[in-house]
Structure formats: structure tokens, C-alpha cells
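In what follows, a single structure is set out as C-alpha cells and then discussed.
The values are calculated or read from the model by the stated rules, or taken from the named source; none is laboratory data. Predicted, not measured: the structure shown is a model, and the values here were computed from it. Cβ placement follows ideal geometry from the backbone for every residue including glycine, while neighbour counts extend to all protein chains displayed.
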Amino acid sequence: MRFREIIVYQVVLVVVGAFIVFVGLNVGLGGIQTMGWQVPSGFVGVTNAANFLVQDSHVRFLGGLFGAVGVFMIIGATQIKRYHAELRLVFVLIFVGGLARFSAFDSAVLFGANIITSLATELLVMPILFFWLPRVVQQEQARRKTD
């Protein structure tokens, strides 16, 4: 049996997608305080409840959106050829989100232990997946022609 690169790609996509779902649920269900699955909750003191609730609602939306992106990546892994354009868009969006982290201008936080895995995924893994995907699709199409 010949090695199929698409299977490796699919596994990577499912693992990354599952992690994104995890993060999305943590924030989507827990809001600004989070569910405490990544860092302990209770790290925010509220001085203006009305404004906090508005921002908390926005953060929950973003968490839900992020979780849905992860679900799409998992679904996309099942039909790479069909969803390749959409997957590439998702990779670009996550990459841009990673770049937005730099707007905080705090390298100690960006490159600290709590963020570095996410930042590396956003700025390194997403471009790898982006450029790897066309190769995987092309190889799979060529394999199907020879079978």
C-alpha cells in the first residue's frame, strides 16, 4: 500500500480543528471569564457591570464563531477537495487574527508560555496548511486517475 499524504493532512486538520473547538467552547460558553479550561477563571474584576455584560456578549460571539471555524475544519477534513477553497480562506483568517495579537504591543505576553502555542498555530501552522493543501489535493487527484 502506498503512503497517502492526504491522510496525514486530514489528521492534522482534525487535531487543529478540535483544538479550535475546545478554545471556542471555553470562550463561547464562559465569556470574558472563560470556562477556566486554559487558565483559571476569575481573573477579571468588573467595575461596570452593564459595559462588562455587553463586552462579555461580544466575546461569547467570538468564541462561538471560533468554535464553528474548528467544526468546519473537521468537516472540511472529510472532503478536502470539495472544501479546499473555504479551508484556505479559514487559514488566512486565522493567520490575520494571529497578526492582530501584535496590536497589544506586549512581547512578554505574546511570546509567553500561555500564548506561544496559539500564536505558533496561527502564524506557522496556518500558512503550512494553506500551502500544503493544494499539493495534497493535486496528489489525490493524480492518485485517483491512476487507480
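One table, with the values for the structure above:
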item: Pairs where the first residue, in the range 17-41, is touching a residue at least 12 places away in the same chain (Cβ under 8 Å) and the second is acidic (Asp, Glu) and in a helix (DSSP H, G or I), C-beta under 7 Å, 6+ apart; result: Gly31/Asp56; Ile32/Asp56
item: Filter result (among the charged types (D, E, K, R), farther than 14 Å from Trp132 by Cα and in contact (Cβ under 8 Å) with a residue 12 or more places away in the chain) within the range 79-93; result: Glu86
item: Criterion (free of Cβ contacts under 8 Å to residues at least 60 places away in the same chain, exposed (fewer than 15 other Cβ atoms within 10 Å of the Cβ) and among the charged types (D, E, K, R)) met by exactly one of Asp106, Asp56; result: Asp106
item: Subset tally (residues that are surrounded by 14 or more Cβ atoms within 10 Å (Cβ to Cβ), under 29 Å from Val23 (Cα atoms) and among the polar types (S, T, N, Q)) for the range 111-147; result: 2
item: Selection from the range 59-82 of residues that are of a type in the set (Phe, Trp, Tyr) and either at pLDDT below 95 or crowded, with 17+ Cβ neighbours inside 10 Å (or both); result: Phe66, Phe72
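Residue by residue, here is whether (1) under 19 Å from Gly70 (Cβ atoms); (2) modelled with pLDDT of 95 or more holds:
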residue: Val12; (1), (2): yes, yes
residue: Ala18; (1), (2): yes, yes
residue: Gly24; (1), (2): yes, yes
residue: Gly31; (1), (2): yes, no
residue: Trp37; (1), (2): yes, no
residue: Ser41; (1), (2): no, no
residue: Val44; (1), (2): no, no
residue: Thr47; (1), (2): no, no
